[in-house]
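Comments concern the structure below.
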Amino acid sequence: MPHLPRKKDINVFDTLDEQCAERHFLGKTREEIHQLLLEKYVSLYEDLACMGPVAFAYYAPAWEQLFGAFADIEVTDDVAEWTLSIISIRCISLRNETPESIAAMHHLLACCERYYNSPARHKYYADEARSYGYAESLIGTPPGLQKDLDKCARLRTVLNGEA
């Protein structure tokens with residue numbers, strides 16, 4: 001999209017959620033939204049989940065940048081969890097999505113998969129599993145990590161139209 005999303009790109013059905021997204025996102029570039037997300041990602045992730053597909057496809061890369069912006073595993077865990085929530089919410093009405101917004105969801109899902117499969121994340125999960133006394137045989141793929149990877153796989157199936 002060569003131009004900023006318009007009001008009708010953000011607020012398609014005039015729901016309260018879309019009106020909120022419009023207030024936060026309208027007239028802002030990806031770069032401006034990325035800066036805003038660094039400060040307020042907790043309160044803005046729902047806007048991405050509820051805005052129109054054209055605007056979502058435009059702004060999703062700003063959310064994707066959050067994965068590289070935080071070194072703190074626990075903060076990045078939140079970003080990954082909220083990313084899966086964004087995708088899950090958008091999948092409820094997948095028929096309303098555009099090819100570009102579905103591609104953006106695939107990119108966000110790939111960020112989660114890379115994060116969950118990263119050596120740092122595996123070490124964190126292994127350390128957590130050990131601290132809770134899991135059997136050494138479970139340390140390689142602790143239940144929490146497997147649960148997150150399973151969520152990713154289910155969402156990938158839905159996005160691919162296989163569900």
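Rule-based calculations on the coordinates, nothing more; no lab input. The structure presented is a predicted model; accordingly, all values stated were derived computationally and were not measured. With ideal geometry, Cβ positions are generated from the backbone for all residues, glycine too; neighbour counts draw on all protein chains shown.
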Among residues other than I89 whose Cβ falls under 12 Å from its Cβ, what is the net charge (Lys/Arg +1, Asp/Glu -1)? -3
Explain nothing, just the number: relative contact order of the stretch 1-69, from Cα pairs under 8 Å at least 6 residues apart, as a whole percent. 42 percent
Just want to confirm a number: the relative contact order over the chain, from Cα pairs under 8 angstrom separated by 6+ residues, in percent. 20 percent
What distance in nm separates the simple spin-label points at R23 and N96, each placed 7 Å from Cα in the Cβ direction? 2.0 nm
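If you take the alpha carbon radius of gyration of the stretch 1-78 and divide it by 2.2 N^0.38 Å, what ratio comes out, to two decimals?
Numbers: Rg = 12.3 Å, N = 78, 2.2 N^0.38 = 11.5 Å.
Working it through for the stretch 1-78, the quotient is 1.07.
Can you pick out the pairs among K8/K147; K28/K123; K40/K147; K40/K151; K7/K147 whose Cα atoms lie more than 29 Å from each other?
On the way: K8/K147 37 Å; K28/K123 38 Å; K40/K147 27 Å; K40/K151 25 Å; K7/K147 38 Å.
Over 29 Å apart, Cα to Cα: K8/K147; K28/K123; K7/K147.
Stretch S43-Q146 to full length: gain in nm at 0.36 nm per residue minus the Cα-Cα span?
Numbers: separation 103, 0.36 × 103 = 37.08 nm, distance 2.75 nm.
In short, 34.3 nm is gained.
Is it possible to state the helix-based mean residue ellipticity at 222 nm for the chain, with each DSSP H run of 4+ residues giving -39500 (n - 2.57), the sum divided by total residues, to the nearest 500 deg cm²/dmol? What is it? Could the numbers behind the result be given before it?
Working: 10 runs with 123 residues, N = 163.
That calculation yields -23500 deg cm²/dmol at 222 nm.
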Calculated over the chain: convex hull of Cα atoms, volume per residue (Å³): 112 Å³
With only alpha-carbon pairs counted, each pair once and no self-pairs, how large is the Kirkwood hydrodynamic radius of the stretch 48-125 in angstroms? 12.8 Å
Longest principal axis of the chain (C-alpha) makes with the long axis of helix 16-25 (C-alpha) an angle, in degrees to the nearest 10, of 90 degrees
Any idea what angle helix 30-50 forms with the longest principal axis of the chain, computed on alpha-carbon atoms, 0 to 90 degrees, nearest 10? 90 degrees
